[in-house]
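The values are calculated or read from the model by the stated rules, or taken from the named source; none is laboratory data. None of these values were measured; they are calculated from a predicted model. Ideal geometry is used to build each Cβ from the backbone, glycine not excepted, and the neighbour counts take in all protein chains shown.
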Amino acid sequence: MTADPKLLVFSDLDGTLLDHHNYRWAAAQPGLKRLSEIGAGLVLASSKTAAEIAPLQQELGSTRMPAIVENGAGILWPDAPDIEGDRYQDLRTVLSQLPTGFVGFGDMSDQDVADATGLNPIQAARARTRRFSEPGLWTGTEAELDRFVAQARNMGLFASRGGRFLTMSFGKTKADALRDVVQQLRPSRSIALGDAPNDIEMLMAADQGVVVANPDGPGIPPFPPHIESRIFRTDSSGPQGWSEAILTLTAEF
């Protein structure tokens, strides 16, 4: 692993570093260049699987840093490529005992996931290679969803709502994983960027949080004043907003 960076940047992917519609990150290049110039570490933090994130780390040049996968349920360390533990079948067993309405990736084919996400079939297969969590679509009403989430919690599962999907897991969050990485690498400062409700805890756990605008998603409402004071909100969405935030917050470097 690389020498411990003074600044660690934890970044959500879809709707944040990646464009919500086409999954491209080209518009983030000015910010990525700045992080490279100042020697900051980029930690990808997403609901995506290790199989999905590893190729993206190669593209972004962040393979020497850890990545947070499946909404914090696992950490992909560069010197330990195999993530310990696999709770996916346990999770699917519990889901099978809950009321209908949730259609998870495990209920879909690769083509179904490709259709729902815009991914190509190879990318969709990687998205279905899960170990800790299950994203899916909710097909019922909001009232039925409230009952589903409450019953799931009684059975030890937790629901997290992202820009597209409802993700079920045994409860470990991006914020938990951020703390684990910070404890290991000990940066002087941490910045976390996200665009959806499932990023809220991670933004609060970092020294500086960034809410990237996402007109296509539910967004992130204002925090209590003492937290909002350390939150930066972008005007632009997706990777352009991501770059805007990075350039602004790293000007001192």
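Would you please name the residue that is surrounded by the most Cβ atoms within 10 Å (Cβ to Cβ), looking only at residues in segment 225-253 that are assigned to a loop (DSSP other than H, G, I, E, B) and not aromatic (Phe, Trp, Tyr)?
It comes out as Thr250.
Restricting to segment 151-163, and then to whatever is buried (at least 19 other Cβ atoms within 10 Å of the Cβ) and part of a loop (DSSP other than H, G, I, E, B), can you tell me which residue is nearest to the chain's Cα centre (by Cα)?
Per the stated criteria, the residue is Gly162.
So in segment 122-150, with the set limited to residues that are among the aliphatic types (A, V, I, L, M) and crowded, with 16+ Cβ neighbours inside 10 Å, which one is farthest from the chain's Cα centre (by Cα)?
Among those residues, the one meeting the criterion is Leu145.
With the requirement that a residue be farther than 23 Å from Glu252 by Cβ and of a type in the set (Asp, Glu), what does segment 26-71 give you?
The answer is Glu52, Glu59, Glu70.
Within segment 1-40, restricting attention to residues that are free of Cβ contacts under 8 Å to residues at least 60 places away in the same chain and in a loop (DSSP other than H, G, I, E, B), which residue is surrounded by the fewest Cβ atoms within 10 Å (Cβ to Cβ)?
Top of the filtered list is Ala3.
May I ask you to list the residues in segment 110-121 that are without any contact (Cβ under 8 Å) to a residue 60 or more places away in the chain and within 17 Å of the chain's Cα centre (by Cα)?
Once the filter is applied, which keeps residues that are without any contact (Cβ under 8 Å) to a residue 60 or more places away in the chain and within 17 Å of the chain's Cα centre (by Cα), segment 110-121 yields only Thr117.
Looking only at segment 41-59, how many residues end up being among the acidic types (Asp, Glu) and either surrounded by 13 or more Cβ atoms within 10 Å (Cβ to Cβ) or touching a helix residue (DSSP H, G or I) at 6+ places or on another chain (Cβ under 6 Å) (or both)?
Number satisfying all stated conditions: 1.
Quick check on segment 60-73. Is at least one of its residues touching a Pro at 6+ places or on another chain (Cβ under 7 Å), surrounded by 14 or more Cβ atoms within 10 Å (Cβ to Cβ) and in a helix (DSSP H, G or I)?
Looking for residues that are touching a Pro at 6+ places or on another chain (Cβ under 7 Å), surrounded by 14 or more Cβ atoms within 10 Å (Cβ to Cβ) and in a helix (DSSP H, G or I), one finds none in segment 60-73, hence no.
If the requirement is being surrounded by 14 or more Cβ atoms within 10 Å (Cβ to Cβ) and either at pLDDT 95 or above or in the same structural domain as Ser11 (by TED's automatic domain parsing) (or both), which of these qualifies: Leu98, Leu119?
Leu98
Count, please, the residues in segment 41-54 that happen to be in a helix (DSSP H, G or I) and touching a residue at least 60 places away in the same chain (Cβ under 8 Å).
Residues meeting the conditions: 3.
Which numbered condition trips up Leu178, out of (1) in contact with a Phe, Trp or Tyr (Cβ under 8 Å, 6 or more places away or on another chain); (2) part of a strand (DSSP E or B)?
Answer for Leu178: the failing condition is (2).
Hey, any hits in segment 230-242 for a residue that's touching a residue at least 60 places away in the same chain (Cβ under 8 Å) and among the basic types (Lys, Arg)?
no
Kindly list, by first and then second residue, each pair from a residue in segment 215-228 that is outside the structural domain of Ser160 (by TED's automatic domain parsing) and free of Cβ contacts under 8 Å to residues at least 40 places away in the same chain to a residue that is assigned to a loop (DSSP other than H, G, I, E, B) and surrounded by fewer than 16 Cβ atoms within 10 Å (Cβ to Cβ), limited to pairs with Cβ atoms under 7 Å and residues at least 6 apart or on different chains.
Glu228/Pro222
Please indicate, with yes or no, whether at least one residue in segment 107-115 is under 23 Å from Asp19 (Cα atoms) and in a loop (DSSP other than H, G, I, E, B).
Scanning segment 107-115 turns up no residue that is under 23 Å from Asp19 (Cα atoms) and in a loop (DSSP other than H, G, I, E, B).
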